[in-house]
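The values are calculated or read from the model by the stated rules, or taken from the named source; none is laboratory data. These numbers were taken from a predicted model, which means no experiment stands behind them. Every residue, glycine as well, gets a Cβ built from its backbone with ideal geometry; the counts of neighbours run over all protein chains shown.
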Amino acid sequence: MRLPHKAHLAVVDGNKFVLMQNEGTPDSPSLKEVAKPELTASNFSAGVRHQDDVGRKLGRTDLDELAHAAAASEWLNAAVLDGTIEKLAVTADPKTLGEMRRHYHTKLQQALIAEEAKTLTGEPISRIEKVLLSE
């Protein structure tokens, strides 16, 4: 994934959300953490699609994690709409990314330059920069 200078990178999973910005170039990324929003998971609309009790008991569906993904999308939507974010890349585990996509505003879709279905939350910035170069 090539991240342009000043583009933002959202690193998300079912519990964490970190927003970074590339202070370097696409060939030499230098990420800086710019926000670690505390999200309130209030959109449990995924529950309509995930009503399988067996899946929930076996841990395949966690509505709190899906609501966190929706909250992350809503936060990103607001940041794009107010002009804080102009170019955005998103990396999240596959389930979280799938739920986030359901909540993308049209303007966020236009600002989106890349998505990666990969779990990088909890990784040090240097590791994330290496992943950006290997894509």
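When the stretch 75-95 is examined, which residues are found to be among the hydroxyl-bearing types (Ser, Thr, Tyr), farther than 18 Å from GLU65 by Cβ and touching a Ser or Thr at 6+ places or on another chain (Cβ under 9 Å)? Answer for the stretch 75-95, where residues must be among the hydroxyl-bearing types (Ser, Thr, Tyr), farther than 18 Å from GLU65 by Cβ and touching a Ser or Thr at 6+ places or on another chain (Cβ under 9 Å): there is none. Here is a check on your reading of the model: is LYS36 closer than 21 Å to THR121 by Cβ, exposed (fewer than 15 other Cβ atoms within 10 Å of the Cβ) and modelled with pLDDT of 90 or more? Answer is yes for this residue. Taken together, the residues in the stretch 96-135 that are part of a helix (DSSP H, G or I), charged (D, E, K, R) and more than 25 Å from ASP64 (Cβ to Cβ) amount to 4. So is ARG60 modelled with pLDDT under 95, at negative phi and in a loop (DSSP other than H, G, I, E, B) or not? Here the answer is yes, as ARG60 does meet what is asked. A residue that is crowded, with 16+ Cβ neighbours inside 10 Å, in contact (Cβ under 8 Å) with a residue 12 or more places away in the chain, within 13 Å of VAL11 (Cβ to Cβ) and of a type in the set (A, V, I, L, M) occurs somewhere in the stretch 115-124.
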